[in-house]
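J.: Before I ask anything, here is the structure I am working with.
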């Protein structure tokens, strides 16, 4: 544990104010592990493994969450799963809950989610199987709910695009530090390895990129998967949601 983190925890100890509790909401394969790692570079923000915040219900929810880590700001992340489209997220029952809504554009998110699902059957990754479910049901269904949540409570909710984090990590993390009320003012673009747990598939991102410990510049998309591209461009609901989320227009088919 760093000296800065110890100092921040020591300063917060005499304070009787309740901790700031935040949830990081997203689809799977949207960059939540990266964003959580970046936020945890602030000495006063927790570095928790993936935590199912949906289980914290009832009168003692705040007490249970505050016991997870000593920092004055606790950030819990757990993406929505395929079987939760109509009910994710079930938010913890705590007053003053802050929500970070993280979204990733449909094409890149769809590619990554399909690769995750069919990682042991490579030929299915290129077959187009599952495109309609992943894009129209999962991506659009989950992100539409998250967008409606963001619009309903603008004071306690902030919308973040994964692509913006890659393009401007310093600016985006500084914006989020301010939103969370952190004493950290400067943004960050590097991060350390987690303390007390490992990044592993099934909970956090276990790939090579996250282990580089630095935000990687975004790669130019070529839209080579024409079946996935057509699924996105031919769906009025997906096109509308992309616009509402602030994503740029796709190239002509």
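J.: Here's a check for you: in the stretch 215-241, which residue that is free of Cβ contacts under 8 Å to residues at least 40 places away in the same chain and surrounded by 12 or more Cβ atoms within 10 Å (Cβ to Cβ) is farthest from residue 26 (Cα to Cα)?
T.: Across the stretch 215-241, the extreme among qualifying residues is 230.
J.: Here's something else I'd like to know. Only helices (runs of 4 or more DSSP H) wholly contained in the stretch 149-253 count here; list those with 2 or more residues that are touching a strand residue (DSSP E or B) at 6+ places or on another chain (Cβ under 9 Å) and at pLDDT 95 or above.
T.: 162-167, 169-180
J.: Could you tell me whether any residue of the stretch 114-122 is surrounded by 19 or more Cβ atoms within 10 Å (Cβ to Cβ) and either more than 17 Å from residue 25 (Cα to Cα) or at pLDDT 95 or above (or both)?
T.: Within the stretch 114-122, one or more residues are surrounded by 19 or more Cβ atoms within 10 Å (Cβ to Cβ) and either more than 17 Å from residue 25 (Cα to Cα) or at pLDDT 95 or above (or both).
J.: Here is a follow-up. So how many residues does the stretch 51-66 have that are closer than 18 Å to residue 196 by Cβ and modelled with pLDDT under 95?
T.: 0
The values are calculated or read from the model by the stated rules, or taken from the named source; none is laboratory data. This is a predicted model, so every value here is computed, not measured. Here the Cβ is made from the backbone with ideal geometry for all residues, glycine too, and neighbour counts use every protein chain on show.
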